[in-house]
Amino acid sequence: MSDGRLLIGNKRYSSWSMRGWLAVHLAGLDVEEVLIPFVRGEGIGSTPAIQAATPAGLVPYLEHKGARIWESLAICEYCAEQAPGLWPEERIARARARSMAAEMHGGLRGLRQAMWFNAGRDFSGLGRTPEALADIARVERAWAEALDAGGGPFLGGARFTLVDAMYAPVVGRFLTWRPELSATTQGYMQAVRQHPLVERWYAEALAEPEAWQLAGYETPPAA
């Protein structure tokens, strides 16, 4: 008998679900995974089934031992309470990691709108709006500072922590859209993509039924 459940959307598309899923698995929580596929014609986000199943009508949503958590960053913090060490242990590194995670949670809209997450496509060279490029420059600066301060290969140092979980879908976006990136950024991307949990997410995303695919997210924008 599990201690709760984690509701997520399609692994092929749902970047926010990926963040919650990674946090839950990093913490080792014993919960049932419930995937509610997005509906063709309604796009990514809230659908009638998701609205009926979650408090905010969005995924991810975690229930664990009576707790109900419906925001990705809150899920991260809850998981950190259950399994200490999911944020960097050193005070300054932990403050940086939390700031970076909050920035991701509340911003980078230009990147998110122009270069959506799709674990199974290659849109190399597309989506390079001015807003997306500005966000990419900001991400690269933040990653470079964190990697330099902590020594890498991850943003908090040697271990994959919650700040990496928050940015793993950004890595995924970069892998799909292939903007011009520094060697430092590409090295970090490789470390994240090779992490066993990220490998598992991608494998399961690529194994989803073709019937779940949404045409609007499988078709690249005009160059």
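Working note: Karplus 6.51/-1.76/1.60 with θ = phi - 60° gives the range 48-63 the couplings x, 5, 5, 4, 6, 9, 10, x, 9, x, 9, 10, x, 9, 10, 10 Hz, where Gly and Pro are set to x. Working note: Karplus 6.51/-1.76/1.60 with θ = phi - 60° gives the range 198-203 the couplings 5, 4, 5, 4, 5, 4 Hz, where Gly and Pro are set to x.
Counted residue by residue at 0.36 nm each, then reduced by the alpha carbon distance between them, the extension gain from A49 to R138 reaches 28.4 nm. Stretching D148 away from A215 to a fully extended chain increases their span by 20.1 nm, per 0.36 nm per residue minus the current alpha-carbon distance. For trypsin sites (Lys or Arg not before Pro), the sites in the range 38-126 that DSSP calls loop and that have at most 11 other Cβ atoms within 10 Å are K65. The candidate values were (1) 125; (2) 116; (3) 184; the one computed from these coordinates for volume of the Cα convex hull per residue in Å³ carries the label (2). Accessible surface area normalised per residue over the range 160-223 is 44 Å², counting heavy atoms of protein chains with a 1.4 Å rolling probe. Highest average first, the peptides 183-189, 5-11, 20-26, 203-209 ordered by how many other beta carbon atoms sit within 10 Å of their residues are 20-26, 5-11, 183-189, 203-209. Rolling a 1.4 angstrom probe over the range 19-127 with all protein chains present gives an accessible area of which 48% lies on carbon and sulfur atoms. Most tightly packed first, judged by the mean number of other beta-carbon atoms within 10 Å of their residues, the peptides 27-38, 154-165, 135-146 read 154-165, 135-146, 27-38. Around the Cα centre of the chain, unit charges on the Cβ atoms of Lys, Arg, Asp and Glu (plus for the first two, minus for the last two) sum to a dipole of about 320 debye.
Sequence-ordered 3J(HN,Hα) estimates for the range 85-93 from the Karplus curve with 6.51, -1.76 and 1.60 and θ = phi - 60° stand at x, 7, 9, x, 6, 6, 4, 5, 5 Hz, glycine and proline given as x. Note on E180 and V39: with the Förster distance fixed at 30 Å, the Cβ-Cβ geometry gives a FRET efficiency of about 0.25.
The values are calculated or read from the model by the stated rules, or taken from the named source; none is laboratory data. The structure displayed is predicted, hence computed values, not measured ones. Reconstructed Cβ throughout: ideal geometry from the backbone, glycine too, with neighbour counts over all protein chains shown. Areas reflect the complete protein model, heavy atoms only, side chains present, ligands, DNA and RNA absent. Shrake-Rupley method; radii C 1.70, N 1.55, O 1.52, S 1.80 Å.
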